[in-house]
1. Give me the residue from the range 39-55 that is assigned to a loop (DSSP other than H, G, I, E, B) and of a type in the set (Lys, Arg) and, out of that set, surrounded by the fewest Cβ atoms within 10 Å (Cβ to Cβ).
2. Which one is surrounded by the most Cβ atoms within 10 Å (Cβ to Cβ) among residues in the range 144-157 that are modelled with pLDDT under 90 and of a type in the set (D, E, K, R)?
3. Out of everything in the range 9-36 that is loosely packed, with under 15 Cβ neighbours inside 10 Å and of a type in the set (Val, Ile, Thr), what residue ends up being modelled with the lowest pLDDT?
4. Among (1) modelled with pLDDT of 90 or more; (2) surrounded by fewer than 19 Cβ atoms within 10 Å (Cβ to Cβ), where does Glu160 come up short?
Amino acid sequence: MNARDNSAVHQLKQWRVLRGHTQDAVARQLHINRSYYSLVESGRKIPSRELIIRMEALMGIEAPTHFVRSLPLLTWAQAGLAPTADALPETAEVVPTDMKDESAFAVRLLGDSMEPRLYEGDIAIVTPGVPPANGDIVLGNLKGEGLLCKILHMRLSSVEARHPVKLSSYNSAYPPMEYSRDDFHWIYPVAQMVRYVRRKG
């Protein structure tokens, strides 16, 4: 059980006693027999997710609201043409996410340099509002060349702006690269990846 489910079970006996209900009465409302209910209330039986939902409804516990919104989904070329996140083009395609960074966007990956971890056609959700850290998978917009999806090997900050930017790939066929921070329009961390089992087209 997760923490929320465990909390619902722990609240059940207190809720029942405070309202003066018998185990038999509550079991009937939950559409289970009294002996099974007794095992659940005592913690000797783990209830199903469906029963947890009925328990929460009975006790008046509201289900949490899951934050989901849609992000613009860009092609590799579209994202590479934007010198800043604010300059990203409008797109009709969107991808759902629970990321709360207002500037977040999604890019469909191109190339095989990050295989076998990431594949062409995978969708990277990028968060410009979060600074990249050492070891992050990042998307960088290299001036005059476009996008790179690589592993970052240093932390970027104003203090380290003069230091080289070291990038590597999962695919050993691609050697590590080193650039100046000034060689990039931007470098943003990849916060989530989306992969569809059956690709369109």
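The values are calculated or read from the model by the stated rules, or taken from the named source; none is laboratory data. In this text, all values refer to a predicted model and were calculated from it rather than measured experimentally. Heads up, the Cβs are rebuilt from the backbone with ideal geometry, glycines too, and the neighbour counts pull from every protein chain shown.
1. Taking the range 39-55 and keeping what is assigned to a loop (DSSP other than H, G, I, E, B), we get 42-48.
Next, only the ones that are of a type in the set (Lys, Arg) stay: 44-45.
On the way: Arg44: 8, Lys45: 14.
Filtering first and then ranking leaves Arg44.
2. Among them, the one singled out is Arg155.
3. By that ranking, first place goes to Val17.
4. Unmet condition: (1).
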